[in-house]
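Scroll down for the structure; my scribbles are underneath it.
The values are calculated or read from the model by the stated rules, or taken from the named source; none is laboratory data. This one's a predicted model, so the numbers in the text were calculated from it and none came from an experiment. Because the Cβ atoms are built from the backbone with ideal geometry, glycine has one as well, and the counts that use them run over all protein chains shown.
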Amino acid sequence: MERYVHIAAGSMRINIDNQRLIASSLANQNTTAFKRDLSATASVYVNQDPLSDRVFPARGKATVDVEPGKLISTNNPMDVAIDGDGFFVGKRPDGTAVITRRGDFHLGPDRTLRNGENLIMDGDGGPITMPLFESMDVAQDGSILAIPLGAVPGTPPTVVDRLKLVKTPSSNVVRGDDGTLRLADNIVPASDSTITLFTKGLETSNVSAIDAMVDMLSTSRTFEIHVKLLATAKELDDATAKLMRSGQ
């Protein structure tokens, strides 16, 4: 009876965690280039003894679904999206290197190029700092082009820097406590010249509201089943106790 109850209670705890992951992803459905979280479960032996006949459910390591979202045009020269696999490289305010798919760029107060997560974007030469310019554009290879402020008409744009674009296996992508994507091995790969950009446009999230709601309903039903299992366990325990009393 003890095993019955503990297994059901452990499964309920995991279902609650799964609901939180689904709710978090659903809340970010309209966040630019957001990647949904995937839950994982595992079976563990009591006291880590593989010879034990007692196995309980446990929370596995959550992963990130890096499947690209849809590309939409915005006609904003500071909006770009990665067409296919790959990531931008950026830095948090504390200097920590992170990866991101968000390309909704703007200039920070120090004229550093930042995205919607307020990450400072890295280029091949380090953090990108934009000079004063009349206009700017981003090429498909990630090159940032700008016409200097005060330039005479007809002046061709100059290359300020090139966005650092990298590829890494999906198994090496994890979500940090602050919500940003990180590299599990903490090693930033070299720039990948095969990555191309979709310019003047953005990537949507890869969260499907319909799929998320179906997953939420399925998780809720599983939770209800385990609640019924606990109720059944109580009924069996009460019946056993009644039989023992009647035999006295």
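Among the residues of the stretch 54-84, those identified as part of a loop (DSSP other than H, G, I, E, B) and surrounded by 15 or more Cβ atoms within 10 Å (Cβ to Cβ) are Val66, Pro68, Gly69, Met78, Asp83. Considered as a group, the residues in the stretch 195-211 that are farther than 14 Å from Arg36 by Cα and aliphatic (A, V, I, L, M) include one that is surrounded by the fewest Cβ atoms within 10 Å (Cβ to Cβ), and that residue is Ile195.
So that you can scan it fast, the table gives a plain yes or no per residue for (1) in the same structural domain as Ala139 (by TED's automatic domain parsing); (2) in contact (Cβ under 8 Å) with a residue 40 or more places away in the chain; (3) buried (at least 16 other Cβ atoms within 10 Å of the Cβ):
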| residue | (1), (2), (3) |
| --- | --- |
| Asp177 | yes, no, no |
| Leu183 | yes, yes, yes |
| Asp192 | yes, yes, no |
| Asp215 | no, yes, yes |
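Scanning the stretch 120-135 for residues that are within 25 Å of Val188 (Cβ to Cβ) and not in a loop (DSSP other than H, G, I, E, B) returns Ile120, Met121, Asp122, Gly123, Gly126, Pro127, Thr129. In this structure, Ser25 does satisfy being modelled with pLDDT of 75 or more, within 12 Å of the chain's Cα centre (by Cα) and either of a type in the set (Ser, Thr, Tyr) or assigned to a helix (DSSP H, G or I) (or both). Within the stretch 150-168, residues that are farther than 27 Å from Lys91 by Cα have Cβ atoms under 7 Å from residues that are of a type in the set (A, V, I, L, M) and at pLDDT below 95 in these pairs: Thr155/Ile147, counting only partners at least 6 apart in sequence or on another chain. Can you work out which of the residues in the stretch 158-191 that are of a type in the set (Lys, Arg) and under 20 Å from Val138 (Cα atoms) is farthest from the chain's Cα centre (by Cα)? Once the filter is applied, the top-ranked residue is Arg162.
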